Amino acid sequence: MDRAVFPPEALAAFAAAYPGAPVRLSHSLTDHPLLTLEALAALAEALPTDSIEYNPGKLPIGIAPEDVPAATLPVTDTIRNIGAAGSWVALKRIEQHPDYAALLHAILGELREVVEPRTGKMMQLEGFVFITSPGGVTPFHFDPEHNILLQVTGSKTMTLFPVEDEEMFSARVHEEFHLGKHHRNLPWSDAFAAKGTPVGLTPGAALHVPVKAPHWVQNGEAPSISLSVTWRSDWSYAEADARAFNHMLRELGMHPASPAAFPAHNTAKALAYRAVRKLKGLRKSA
């Protein structure tokens, strides 16, 4: 990269918010040659099929994964004609391509000095590109990673909700998510709407999304390209493992307290779950 992705004021805002608060940032990637429609169509051809997800874009805010209709066009045609395709395309783990790996590492390298002293080593660095037709909706969901979404072309509005509001989603939902028993898509209730905070994103804007902050996205009136850069950390893995340990306790009839929010590190429960998982692995191999 010949120039910084995040200007000094964006890095300062990120430092003031990370890891627990959403914050709007700015970036310099709006004219990057790897983020044009033609470059992304070529990337889609290079990625394995399990790293591509695409489907009709005009979906309800809350939809069960099995109810999402299948796409009808090939993904490269969908990308090149995204203005009229009425679709939503996700290119996942773009770092499988060396050029995009270099881009991802350059972006996240600018954040390392803020991230690692607070939440530990940056791990599982992954990038995702979202290519969306006008009016498209990304349904209500949450993700286990630290995430910054960078808007490259077009506009969209992401509506964010409190990270751990157990009136919306019980502790059991979080636990089952970390155990792979719950899809990322979440059931929607109109009663949630008042708790959401909409954040508009235009080209050159970015948004830090805290770990597991529920959200849904409405695309604007033009085709959109967005880049999501994500990482896991010692803290995020500990939260996930503490949730999994709580699930084990709940199965035994106990009522464990939910993991504490950052800056607590939830170490005891995380280590206990890792010890149990290791013991189970040893038994299977014996």
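Helical content alone sets the calculated 222 nm signal of the chain at -10000 deg cm²/dmol, taking -39,500 (n - 2.57) per DSSP H segment of four or more residues and averaging over every residue.
When the alpha carbon coordinates of the chain are projected onto the principal axes, the ranges are 53, 47, 42 Å, largest first. Between 152, 209, 115, the residue with the greatest mean-square fluctuation in the GNM of the chain (Cα pairs under 10 Å linked by springs) is 115. Taking the chain as the region of interest, the number of lysine pairs whose Cα atoms are within less than 20 Å, with members eight or more places apart or on different chains, is 14. By the beta-carbon count within 10 Å of each Cβ, the least crowded to most crowded order of 43, 179, 160, 279, fewest first, is 279, 179, 160, 43. By definition, a body whose alpha carbon gyration tensor gives a ≥ b ≥ c is oblate when a/c is 1.5 or more and a/b is not larger than b/c, and segment 237-285 fits this oblate description. In units of the rule-of-thumb radius 2.2 N^0.38 Å, segment 110-241 shows an alpha carbon radius of gyration of 1.07.
Let's test the formula: R0 of 25 Å, r as the Cβ-Cβ distance of residue 101 and residue 221. What FRET efficiency results, to the nearest 0.05? About 0.15, to the nearest 0.05. Between residue 166 and residue 193, the FRET efficiency from the beta-carbon distance, with R0 = 25 Å, is close to 0.90.
Please name which of 157, 188, 141 has its Cα lying farthest along the dipole of segment 126-209 towards the positive end, using unit charges on Cβ (Lys, Arg +1; Asp, Glu -1) and the Cα centre as origin. It is 157.
All of the numbers you see were taken from the coordinates with simple rules; none came from a lab. Small disclaimer: the values here were computed from a predicted structure and weren't measured. Neighbour counts run over all protein chains shown; Cβ positions are idealised from the backbone, glycine included.
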